[in-house]
Amino acid sequence: MLKLTNSLTDRKEVFTPINDGEVKMYSCGPTVYSYQHIGNMRAYVFVDSLRRILKYNGYSIKGVMNVTDVGHLTSDEDDGEDKMELAAQKEKKSPLEIASFYGGLFFDDLRSMNVDLPENITYATEFIPQMIEFIQGLERGGYTYIIDDGVYFDVQKFAAYGQLSEKDLSKTYSARIEENIKKHHPFDFALWKFVEDNHIMKWPSPWGVGCPGWHIECSAMSHSILGDRFDIHTGGIDHRTVHHEDEIAQNDAFCGHQVVNYWLHNNFLLVDNGKMSKSLGNCYTLKDLQEKGFSPLDFKYFCLNTHYGKSINFTFDAIKSSALGFNSLKKLILEHYNGQGKVEEDKLKSYEDKFLNAINDDLNTPLAIGEMFTMLRGENRSRAVYDLVQKFDRALGLRLDIDSIMPQREESVPEEIMALIEQRNEARVQKNWALSDELRDRILSLGYSVKDSKEGTKVEKI
Ligand code: AMP
Ligand code: ZN
């Protein structure tokens, strides 16, 4: 029985999908205007754990992750500039070039952390007609109004506004109305923004030339692919109070009922106990970590050792000790791989149950890793334990298989070749050049090259 903390209730709930055996989920993806930092990466490690654990429980997944390549403003208050457009101006490139460059790096990062990618990756700029249709639907329902700079969603028309952050519209209204008199309510948000002629990214619409608001992208894309109701929506906790409130308002107003059953949020990754910021120079990327000797999987292991709902404080000392832990885990796995011992079936079953209970208790990966360590430390070194770790790794995605733990193993020269090399060396000592050449050809035909040098004979796979 899988339990997940639903942000709608702030409680752990038993997960029950709409359709038996299948999970439909949407994950807020990156805005590809710059490098994604390790805080962003935590959000995708969380999505990976969720997907893997759902699959471990036998569910099939229809997943969607968006790539925001238009419409995300530099401020949540509907002013400021489009992040993509700004980056294009700064770097003197087209928004498409910016999106494909940073998007490419983003997916490289995910692959390097062995993240299980969603079945559908959707780019906002490819869903503009669906966004326009969605806004038209809201307009028909009476949820919109137009002012000088765009089409807005009228939150006061949506009685359930504020479910995720327990916002009280009337209280905030009086406190903040003077700040922004253009809108009917400070929480109203842009569905479509009119743009100046010199704006690069713009599309025609029934209301005028412009570009979509950021929140409408996620609603239109999730609706296009997952339909009127789906199971899970994920994102970082920073999106809980604005972006996701606004998505709920749009979705539920458009469909006339609750669309998403479980909202899941990963907590922050802090650096030196504070927010990451460009001015502090602490917006680290996976590449920065690699330059200091930590692999993307070291970072993933570091994340998995804290529950997704708690904040993590990243420091280089912390990842260093975590990486040492990861190395000792791999060493133990290797010992079991080579072990000749026996472990009773009952015991293996009980480890498997404990692991499953941990991951199913709201994705408690730190506890699951702890259970795995207990088994690896306490049991006779045996291949059966290694095999069980391979099963656990389907939920963790840490590449705990022997070839990943010992990459050089694959490259090591097979015994058959080594025996031929020795025979050839012997022939050379005997100055039997004909035999030496014959052996070299045989080695070559088996896919290895032989080079003789002062340091000795070097063998390489061709
Ligand atoms: P963005 O590109 O800003 O929309 O962020 C992409 C994802 O990363 C979103 O799900 C954010 O909520 C998440 N995110 C951003 N910063 C952090 C952080 N410091 N810790 C954890 N998640 C974050
Ligand atoms: Zn989103």
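The values are calculated or read from the model by the stated rules, or taken from the named source; none is laboratory data. Bear in mind that the values here come from a model prediction, so they are computed numbers and not experimental data. Neighbour counts are summed over all protein chains in view; Cβ atoms, including those assigned to glycine, are modelled from backbone coordinates with ideal geometry. Heads up: the accessible areas ignore ligands, DNA and RNA and are worked out on the full protein's heavy atoms, side chains in. Shrake-Rupley method; radii C 1.70, N 1.55, O 1.52, S 1.80 Å.
Below, the figures for the structure above:
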| read-out | value |
| --- | --- |
| Within the range 402-422, tally of residues that are farther than 16 Å from residue 115 by Cα and modelled with pLDDT of 90 or more | 4 |
| Residues located in the range 50-69, provided they are more than 16 Å from ligand 2 (Cβ to nearest atom), among the hydroxyl-bearing types (Ser, Thr, Tyr) and touching a helix residue (DSSP H, G or I) at 6+ places or on another chain (Cβ under 6 Å) | 56 |
| Residue within the range 82-102 that is within 17 Å of residue 363 (Cβ to Cβ) and open to solvent by less than 10 Å² (accessible area, probe 1.4 Å) present | no |
| Residue that is most open to solvent (accessible area, probe 1.4 Å), among those in the range 1-56 that are more than 16 Å from ligand 1 (Cβ to nearest atom) and part of a helix (DSSP H, G or I) | 55 |
| Answer from 111, 11, 51 - the residue that is among the basic types (Lys, Arg), over 30 Å from residue 160 (Cα atoms) and at pLDDT 95 or above | 111 |
| Filter pass, residue 246 being away from ligand 1 (no atom under 16 Å from the Cβ) and within 29 Å of residue 54 (Cα to Cα) | no |
| Residue list for the range 242-291, filter: within 16 Å of ligand 2 (Cβ to nearest atom) and open to solvent by 30 Å² or more (accessible area, probe 1.4 Å) | 242, 254 |
| Enumeration of residues in the range 292-307 that are open to solvent by less than 40 Å² (accessible area, probe 1.4 Å) and assigned to a loop (DSSP other than H, G, I, E, B) | 294, 306, 307 |
| Boolean, residue 382 is farther than 21 Å from residue 298 by Cα, open to solvent by less than 50 Å² (accessible area, probe 1.4 Å) and among the polar types (S, T, N, Q) | yes |
| Test for residue 310: is it modelled with pLDDT of 95 or more, surrounded by fewer than 19 Cβ atoms within 10 Å (Cβ to Cβ) and within 16 Å of ligand 1 (Cβ to nearest atom) | yes |
